[in-house]
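Peer 1: My questions all concern the structure below.
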Amino acid sequence: MTYCPQCGYALREGTVICPACGVRTAAEEKTAAEEIKEEKTVAEVISDASAEPQREEAFPIPEPIAEKEDAPVKTGYGDNNVPTGRYALLSTGGYLLNQLLFMVPGVGLLFAIIMACASKKLARRRHALSAVILQLLFILLVVGIVGISSLFGTSAVVAAITEWLRELLL
């Protein structure tokens, strides 16, 4: 394959005139008979030049990927699209009722664990998981205070906590 010396356009073998810029590309001497035949090829070259050359893009644009049917619906501010199914949102009343259920001692922790493991709605599962984590942290705090008070005596722990609260509030 040869290239145009003027513009660098890729030319087929035997092309005399560049279809992109019109510069004569053949360096060989032509006879008069060949020049007459060349007029025919020039007309073809001009018609080829008027047609858009097919060039490959350096960075082709990829085809859009079809979204999966079960993919979450992406919503933003101002959208009227509300996610449904697994990604459905909990209402304010739903959060409130779940929170009241989780606040019942003992039973609330049991329901929170069940909902965190078995609920089909992701929002409810995450809310229940946060309730389980908070209740376990509270249990660890109570067990820690009871353990420290049994080691050092109740009056020493109460005195330390009241002193800490006085410094915190003042």
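Please treat every number below as a calculation from the coordinates, not as lab data. Because the structure is a prediction, the values reported are computed rather than measured. Don't worry about glycine lacking a Cβ; one is built from the backbone with ideal geometry, like all the others, and counts go over all protein chains shown.
Peer 1: Around residue 11, which amide H atoms from residues at least 5 apart in sequence, or from another chain, sit under 5 Å from its own amide H, with H modelled in the peptide plane?
Peer 2: Close amide H contacts, sequence-distant or interchain: 2, 3, 4.
Peer 1: Can you give the Rg to Rh ratio for region 86-169, taking only C-alpha atoms and Rh from Kirkwood? List each step's numbers first, then the result.
Peer 2: Working: Rg = 17.7 Å, Rh = 14.9 Å.
Here Rg/Rh amounts to 1.18.
Peer 1: Still on this structure: Describe numerically, in nm with one decimal, the distance between label points set 7 Å from Cα along Cα→Cβ at residue 125 and at residue 47.
Peer 2: 6.7 nm
Peer 1: If you don't mind, another one. Which trypsin sites (Lys or Arg not before Pro) in region 96-170 sit in a loop by DSSP (not H, G, I, E or B) and have at most 11 other Cβ atoms within 10 Å of their own Cβ?
Peer 2: Passing both the DSSP loop test and the Cβ count: 120.
Peer 1: How high is the relative contact order of region 86-169? Use alpha-carbon pairs under 8 Å, at least six apart in sequence, and give a whole percent.
Peer 2: Dividing the mean separation by the residue count of region 86-169 yields 23 percent.
Peer 1: So if R0 is 35 Å, what FRET efficiency would residue 165 and residue 92 give, r being the distance between their Cβ atoms, rounded to the nearest 0.05?
Peer 2: 0.55
Peer 1: Would you mind checking region 82-99 for residues with the amide N under 13 Å from a putative spin-label position 7 Å along Cα→C-beta of residue 117?
Peer 2: none
Peer 1: Between residue 7 and residue 143, what is the label-to-label distance in nm when each label sits 7 Å out along the Cα-to-Cβ direction?
Peer 2: 8.1 nm
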